[in-house]
1. Could you point to the residue in A:Ile146, A:His96, A:Val66 farthest towards the positive end of the protein assembly as shown's charge dipole, with +1 and -1 charges on the Cβ of Lys/Arg and Asp/Glu respectively?
2. Which aspartates and glutamates does B:Lys455 reach when only Cα atoms under 13 Å apart count, and residues fewer than 8 places away in its own chain are ignored?
3. If you plug each phi of segment B:37-46 into the Karplus form 6.51 cos²θ - 1.76 cosθ + 1.60 with θ = phi - 60°, what whole-Hz ³J(HN,Hα) values come out, in order, with x for Gly and Pro?
4. Please list, or write none, the lysines whose alpha carbon is within less than 21 Å of the alpha carbon of B:Lys251, excluding same-chain residues fewer than 8 places away.
5. ³J(HN,Hα) across segment B:354-371 via Karplus (A = 6.51, B = -1.76, C = 1.60, θ = phi - 60°), whole Hz, x for Gly/Pro?
6. I'd like the Karplus ³J(HN,Hα) series for segment A:317-329: coefficients 6.51, -1.76, 1.60, θ = phi - 60°, whole numbers in Hz, and an x wherever there's a Gly or Pro.
7. So if I place +1 on the C-beta of Lys and Arg and -1 on the C-beta of Asp and Glu, and nothing else carries charge, what would the dipole magnitude of the protein assembly as shown be about its Cα centre? I want it in debye, nearest 20.
8. Determine the equivalent ellipsoid of segment B:253-362 by diagonalising the alpha-carbon gyration tensor, then write out the semi-axes as square roots of 5 times the eigenvalues, largest first, rounded to whole Å.
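Every number in this text was worked out from the coordinates using simple rules, so none of it is lab data. Quick caveat, the model's predicted, so the values are computed rather than measured. Note that we place each Cβ from the backbone using ideal geometry, even for glycine, and neighbour counts take in every protein chain shown.
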Amino acid sequence: MKISLAVSAVALLLSSFASQAQPDYDQYTRGRYIATLADCSACHTRDPQQPFAGGVRLQTPFGTLVGANITPDRETGIGTWSYDDFRRAMTEGIGHDGKRLYGAMPFTAYTKMPEKDLQDLWAWMQTLQPLYQPVETNQLPFPFNIRTSLMVWNWINFTRGEYQPDAKRSAQWNRGAYLVAGPGHCGTCHTPKNLLGGDKGGKALQGEVVEGWYAPDLTSDPHRGLGKWSQQDIVSYLRTGVNRYDIASGPMADAVRHSTRHWHDDDLQAVAVYLKSSGPAQVDKVPQPLAATDARMKLGAQIYGAKCSACHRPDGGGEKNIFPQLADNPLLNQSDAISLIRVVAAGSRGVDTDAHPTAPAMPAFAGTLDNAEIAAVVTFIRNSWGNAAAPVSADEVKQVKAKLE
Amino acid sequence: MKKLPKTDVVVIGLGWAGAIIANELADEGLEVVGIERGPWRDTARDFNIGTVTDELRYVMREELMLRTRQNTCTMRNNPSQTALPMRTWGSFHPGNGTGGAGNHWAGITFRFQPEEFRLKSHLTERYGASAIPDELVLQDWGTSWEEMEPHYMQFERVAGTSGYAGNIQGEKRPGGNPFEGARSGDYPTPPLRQPYGPTLFAEAARNMGYQPFPVPSSLVSEAYTNPYGVTMGPCTFCGFCTNYGCANYSKASAITTILPALMRKENFTAYTNSEVLEVLTDSTGRQATGVTYIDSSGDKWEQPADLVIVAAFTFENVRLMLLSGIGKAYDPVTNQGTTGRNYAYQTANNVTLFFDNKNFNPFIGAGAVGMGIDEFNNDNFDHSGLGFFGGGSIRVTPIGSAPIGYRPLPPNTPKWGAKWKRALKDNYLSTMSIGCEASSYTTRTNYLSLDPNYKDPHGRPLLRITFDFAANDLKMAQYCTGKVADIAKSMNPREMIVKPMTGHWSSVPYQSSHVVGGFIMGSDPSTSSVNKHLQVWDVPNLFVVGASAFPQNPGYNPTGTVGALAFKAAHAIRHFYLKRPGEMISA
């Protein structure tokens, strides 16, 4: 008995030490989680052996930008920055030396983060290994390389300020809205852009072409958006990369691999609740599918039968967890078919996650189908089994392929 | 030679057996290093649907097989001959690269029957010791059906094996194989749908009173996610199956069922294009200390390890043991030594049926879709007075009639010219064949040893195969093929070719890759190399796993049993060996 009392006294003592040590550790883990939510590594880690030392090249319509070294290295990283410098970069898009940041660094989203999250994130960043790696971030051609032009850009495209909860909505909805608009910065890819590369007003999350892929419509539009996806479909996609409609591929594969699969379940649920409720400004009229008698549809059906139906099934039904269903799939109805063309022509490999390690691949058909045939089969799947979308021309296929080479 | 840091476990070979054990031991938390002599292979990159349907590349040029320049075997029929090296694979197809021969296998996944694990005892009890032909050296496995069954189940669940159980926990089910041992559960996926040829055969067999069943197959019949979370897609009968890697994620192999999960584990590392040269032992010879290997740059490395698992193909398992001086090399003259003894093969027989008015669409096929009967397999029929033992699995499994190799021609067709073309055209669609994959029983002079004349590029002797069919097996082949011919006759073909195995073993025509034995399991260290846990007698931290452990070969395909043995060895290591490293069974 005495021994156990002594042991518990020691345990008490230890736990009081532990509770004192706790806040720092908690702040560090919170900061690390925020970095995961914000997927900092997407642009700031090129070599996994050199985390956050920058170097990821980002192709924008204006030219190439390169992710900065954000390790605390004093010479090439942000080792001489103060917390206020960091906060200003994150919330105002102005760097340590007063240089304005390009919108590719999604400060337009991060501005929504509250002070506490920024403090936690900063605390964690101080614990990173300083790595010496000079990075020339601005590789844009003239005149886009002139940073003072960004004053105008900001004036048009940037609204500063922390996320303001909608009191009429639940805490869960507000958390989801915050994650999507703030650290998750979903709109950076999924919101249509204006001529300056800023978000188009009133079009949030309605889909956009990014790095040769189409980041699809995430509104609750039933034809093109997530209207048909259940909340569980959204959670499963973000957690495992796989649901009945899709296996994450292209840039989204990286987003799942590095970010969303690590999100807390509560956060994924909140995002799903929010996305399911975020209606488009107006639901576009559902287009009529092309007639099955259309010559393109007939050719497409033939090719589909010969090349695609073995995996995706003759009825477009797909196979669970491995070959996505094509029937009644909003991803096929996007206004731009670039992702579909690309995947048929060049193939693609799905993401691998702990839950679904398979990472199945779509084979490339550019070697066996010509441009008109690829156009026909993409047109066919976009206008069959409940899908309806604009036909694709051989010329569009040619253009997509040219960019791939 | 550079020495690497010590690891807990080194596994040689990343085919079925190696991947299974590496994964199980990684789950145990051990640091596992896998060493594979061939390249990394992966469905997405290597078996793309756009390029995989290439008969020239995969069948004629044997892309997935071990390069004979890298390593081959020498062969002879009996000890009085001088063996010559095989410079191109014929009789069998050793694999290479991650997935091993499990990439290009057919997918047929039988469990051996309960009596096979105690074959010598069983035949002695049923027919008397004097009935067993003198030439045969049959042995028991030192294990039992009851010990094997849970591990067969594990393997089938990983592979997604499709089929229809004939015996679940003793309850017989019509439509399944009535001869199979009692299973603890059904197949993970339902049987594949049957093409016309197998359907016709099953009907004929049923009319003769036999009980046909769908051939158990590790080509899944529906989308299947295995216990590791890895997903496979249903077989589409594309016909590019045996000798090919599967483009549809339908054929189970280490690369489609295990490696995607295994490669994610931080405590697992794979070295590919790295060939193990030797298993090292300490000065007592009773403790393995690791392996040496040579990488693709020609650099030699030593990888020390606490536990060494040898899980290469049959030939390389045995050769590595001979090269490393583990166990005593078998000598057929003195009948002493165990390393290399009881080598056996498979006895391939078939009957080809030519019809006039049938269309089999023979290009529809898969390595393991079909119907079979087991009335004339193993000891499922009374052998009293027949003068032989053993039998074969009789079945129709259309593998897909590829354009270069499939030339069904009736007897007396000219070898070239207009008549040859006409005959081919007339018979392409309307020919089918019934196979009989039959047992191969071991004899004293069928064995594996190091070749005294031929060496590999590293200067190590090649493995020498000394093998010929036992008189027992040739008698069995005549008898069983006769039974196949009876069924064939009842199907009223225009004409047929009946081809039982006859004469001497030839290394030229493909027969099967089912080479077994040479480092066999058993309960007596004087006649076996490993105990029932696949642990090497006298070297308790060394396990040798694969078909090299079979004391003889029944009339079934070996892979299901190779998989089950791998799980069995892993189970023993996890549950017994790691708790008390040492001999799990004392001799």
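1. Farthest towards the positive end: A:Ile146.
2. Result set, ordered by chain and number: empty.
3. With the stated coefficients, segment B:37-46 comes to 6, x, x, 5, 10, 8, 4, 4, 8, 9 Hz.
4. List returned: A:Lys307, A:Lys320.
5. After applying 6.51 cos²θ - 1.76 cosθ + 1.60, I find 9, 10, 9, 10, 10, 10, 8, 6, x, 6, 7, x, 7, x, 9, 10, x, 10 Hz.
6. Going residue by residue, I get x, x, 10, 3, 6, 9, 10, x, 6, 9, 5, 6, 10 Hz, with x marking Gly and Pro.
7. In total the dipole reaches around 1640 debye.
8. Each semi-axis is √(5λ); the values are 38, 26, 12 Å.
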